[in-house]
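For reference, the structure discussed in these notes is given below.
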Amino acid sequence: MIDERGLRHDGRRFDELRPIRMQVGVLANATGSALVEYGRTKVLAAVYGPREPFQKFMTLPDRAILRVRYHMAPFSTSERKSPTPSRREVELSKVIREALEDIVLSSEYPRTVIDVFVEVLQADGGTRVAGVTAASLALADAGVPMKGLVAGVAVGKVGGVLVLDVDEVEDSMGEADMPVAGAPDLGLVTLFQLNGVLTEEEVERGFSMAWGAIERIVSMEKEVLRRKFEAVGEEV
Amino acid sequence: MGRAVHGTIVVPGERLDSKVEGKHPYTLELGGARIATVVGLLSRRDDKHVFINIKGVYVPEVGHVVIGLVESIGATSWHVDINAPYEAILPAQDFLGRPFNPAVDDLARYLRPGDYIKARVTLFDKTRNPILSVQGEGLGRVVNGIVVDISPSKIARVIGKRRSMANMIEEKTGCTLFPTVNGRVHIECPSRELEVIAVMALKIVEAEAHTVGLTERIARFIEEERARRGV
């Protein structure tokens with residue numbers, strides 16, 4: 001998986017991100033939306049609300065409920081994926097919600113719900129972390145007050161080497177996968193998972209690689225938001 | 001093509017100077033620092049630095065005059081969408097201005113779903129839904145004209161300083177504008193063509209709210225559109 005020059009199967013260095021593209025305001029009917037690409041992974045996020053839920057019993061008296069649905073489109077994988085939410089999708093919905101809950105100022109909108117739909121259009125590894133990044137951008141685009149922007153990236157271990165931003169091939173062939181998300185402006189880690197085995201030293205080194213990348217991704221998010229509102233003439 | 005922006009664009013999580021004026025919850029004190037919580041514009045106004053949110057949700061306040069869309073009819077009230085996260089309630093006895101008897105009065109005779117009303121928020125504290133009243137001058141059912149939805153955070157720009165933008169659009173189109181804080185503008189025009197031009201002008205104001213020289217651009221746009229359409 002790592003060649004003699006130390007390059008990965010797609011030619012990246014061990015600490016190199018895939019090309020990242022971001023767009024905000026891609027859906028007219030949503031309050032806020034974003035499309036994020038980590039290489040071949042494409043994730044669309046749409047935010048609706050804060051709004052009154054259809055089922056009023058779901059509300060909380062002191063804050064808004066953040067509802068997140070992570071879903072992989074049937075065409076997102078090489079083999080058709082059943083559109084029924086799988087156990088993994090239910091879990092990732094929870095994980096992404098928890099990665100955002102500490103950031104959103106939900107107490108400003110009691111008795112309401114903020115719906116975040118994370119739809120994976122094309123899966124090539126790192127969909128949950130790309131989903132966190134897309135959801136964060138979509139929330140900012142929706143005007144939902146947030147303490148800061150969140151981004152995510154996964155670090156993996158492939159052929160005994162820690163690598164940044166693992167794709168599908170590295171994820172399936174690698175020894176470990178460690179998705180991390182957080183808000184660098186707050187110094188807050190909001191998602192930290194580990195699948196596989198890493199030593200304590202590897203976790204520390206992997207985390208520091210991930211955090212550096214998260215800082216860069218959040219800078220990109222800021223730039224995309226600024227560009228959108230500076231280039232308003234294009235919308236008319 | 002982009003346009004020059006009226007200040008600096010600030011994004012959520014960015015630190016602001018402690019002297020910057022901004023509304024809660026769009027700015028927040030966090031860990032001893034002042035931060036922006038939404039995308040906004042940092043600009044200078046009368047020797048002060050102010051933060052104006054570009055994005056944001058309308059939250060009702062007592063005293064606000066709003067334009068509401070009747071959504072459904074209840075037993076003793078109408079349920080009204082006021083473009084907020086909370087559905088408003090217009091009690092029947094307030095609208096009728098007299099005691100109301102559900103056995104005798106049919107609410108659908110007065111307001112039906114799809115009707116617009118101008119109303120004042122009389123009660124609201126986030127623990128219960130806003131209560132509206134149509135008692136007051138200029139309030140009640142919207143009979144003529146159309147209602148345009150724009151982002152609530154852009155309403156201030158539609159009105160302009162000392163109502164400069166609204167006055168200019170009214171003068172150039174011959175329409176009357178009634179903008180409300182919840183992001184709706186009631187427009188009454190002498191003709192359908194002028195109505196279309198006024199709506200287009202409002203949509204440009206919404207999209208370019210934070211750019212420089214907007215009033216002049218809108219004035220020019222209306223003049224050009226009128227000449228092009230021959231009205």
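The values are calculated or read from the model by the stated rules, or taken from the named source; none is laboratory data. Source: prediction; values computed, not measured. Glycine gets a Cβ as well: all are built from the backbone with ideal geometry, and neighbour counts include every protein chain shown. Protein only, heavy atoms only, side chains kept; ligands, DNA and RNA dropped before computing areas. Shrake-Rupley method; radii C 1.70, N 1.55, O 1.52, S 1.80 Å.
Quick check: residue separation of residue B:76 and residue B:161 times 0.36 nm, minus the Cα distance between them. What number comes out in nm?
Working: separation 85, 0.36 × 85 = 30.60 nm, distance 4.07 nm.
Value of the extension gain: 26.5 nm.
Residue by residue through the range B:198-205, what is 3J(HN,Hα) from phi via Karplus (6.51 cos²θ - 1.76 cosθ + 1.60, θ = phi - 60°)? Round to whole Hz and write x for glycine and proline.
5, 5, 4, 4, 5, 5, 5, 4
Compute the Rg to Rh ratio over the range B:9-53 from the alpha carbon atoms, using the Kirkwood formula for Rh, and round to two decimal places. Walk me through the intermediate numbers first.
Values: Rg = 9.3 Å, Rh = 10.1 Å.
Over the Cα atoms of the range B:9-53, Rg/Rh equals 0.92.
Find the Cα radius of gyration of the range B:146-229, compare it with 2.2 N^0.38 Å by division, and give the number to two decimals.
Normalised Cα radius of gyration, the range B:146-229: 0.96.
Highest mean first, how do A:36-48, B:183-195, A:68-80 rank when packing is the count of other Cβ atoms within 10 Å averaged over residues?
Details: A:36-48: 23.5, B:183-195: 18.4, A:68-80: 15.8.
Most protected by this proxy first, the peptides run A:36-48, B:183-195, A:68-80.
What does the accessible area per residue of chain B come to in Å², with a 1.4 Å probe and no ligands, DNA or RNA counted?
Computed with neighbouring chains in place, this is 48 Å² per residue.
Tally up the carbon and sulfur contribution to the accessible surface of the range A:1-151 as a whole percent, 1.4 Å probe, everything protein left in place. Kindly include the intermediate steps, with their values, before the conclusion.
On the way: 3340 of 6480 Å².
Result for the range A:1-151: 52 percent of the exposed heavy-atom area is carbon or sulfur.
What's the angle, to the nearest 10 degrees (0 to 90), between helix B:214-229's Cα axis and the longest principal axis of chain B?
The angle comes out near 60 degrees.
Restricting things to Cα coordinates, could you compute the convex hull volume per residue of chain A in Å³? Walk me through the numbers before you get to the answer.
Numbers: hull volume 32.4 nm³, N = 236.
In chain A, the Cα convex hull volume per residue is 137 Å³.
What figure, in Å² to the nearest 10, do you get for the accessible area of residue A:211 with a 1.4 Å probe and non-protein molecules left out?
Per-residue accessible area (residue A:211): approximately 40 Å².
Could you give the nm distance between label points at residue A:175 and residue A:88, where each point is 7 Å from its Cα heading toward the beta carbon?
Distance between the two pseudo-spin positions: 2.3 nm.
Any idea what the dipole of chain A comes to, in debye rounded to 20, about its Cα centre with Lys/Arg Cβ at +1 and Asp/Glu Cβ at -1? Present the calculation step by step, with values, prior to reporting the outcome.
Numbers: 29 positive and 37 negative charges, 159 e Å.
The calculation lands at about 760 debye.
Looking at chain B as a GNM with Cα springs under 10 Å, which of B:181, B:147, B:38 has the largest mean-square fluctuation?
B:38
Among the lysines, which have Cα under 24 Å from the Cα of residue A:42 when same-chain residues fewer than 8 positions away are ignored?
A:81, A:94, A:157, A:222, A:228
Would you calculate the separation in nanometres between label points at residue B:43 and residue A:101, each defined as 7 Å from the Cα along the Cα-to-beta-carbon direction?
Using points 7 Å along Cα→Cβ, the separation is 3.9 nm.
Find how many whole Å separate the alpha carbon centroid of the range B:125-196 from the alpha carbon centroid of the range A:51-95.
Between the Cα centres of the range A:51-95 and the range B:125-196 lies a distance of 37 Å.
If Lys and Arg each add +1 and Asp and Glu each add -1, what is the summed charge of the other residues whose beta carbon sits under 11 Å from the beta carbon of residue B:133?
Working: positive: B:118, B:120; negative: B:94.
Result for the neighbourhood of residue B:133: +1.
Between B and A, buried accessible area summed over both sides at probe 1.4 Å, in Å² to the nearest 100? Intermediate values should be presented prior to the final figure.
Working: alone 12510 and 11550 Å², together 21240 Å².
Roughly 2800 Å² of accessible surface disappears when B and A pair.
Over chain A, what is the mean sequence separation of C-alpha contacts under 8 Å (at least six apart), divided by residue count, expressed as relative contact order in percent? Don't jump to the answer; show the numbers that get you there.
Numbers: 527 pairs, mean separation 48.6, N = 236.
The normalised contact order for chain A reaches 21 percent.
Would you calculate the separation in nanometres between label points at residue A:15 and residue B:135, each defined as 7 Å from the Cα along the Cα-to-beta-carbon direction?
7.1 nm
State the percentage of accessible surface on the range B:146-229 attributable to carbon and sulfur atoms; use a 1.4 Å probe and exclude ligands, DNA and RNA. All intermediate terms of the calculation are to be shown ahead of the outcome.
Numbers: 1910 of 3570 Å².
C and S fraction of accessible area: 54 percent.
Tell me the per residue accessible area of chain A using a 1.4 Å probe; a whole number in Å² is fine. Intermediate values should be presented prior to the final figure.
On the way: 10140 Å² over 236 residues.
Per-residue accessible area for chain A comes out at 43 Å².
Would you list which lysines come within 24 Å of residue B:172, measuring only between C-alpha atoms, while excluding same-chain residues fewer than 8 positions from it?
Reachable lysines: B:154, B:161, B:203.
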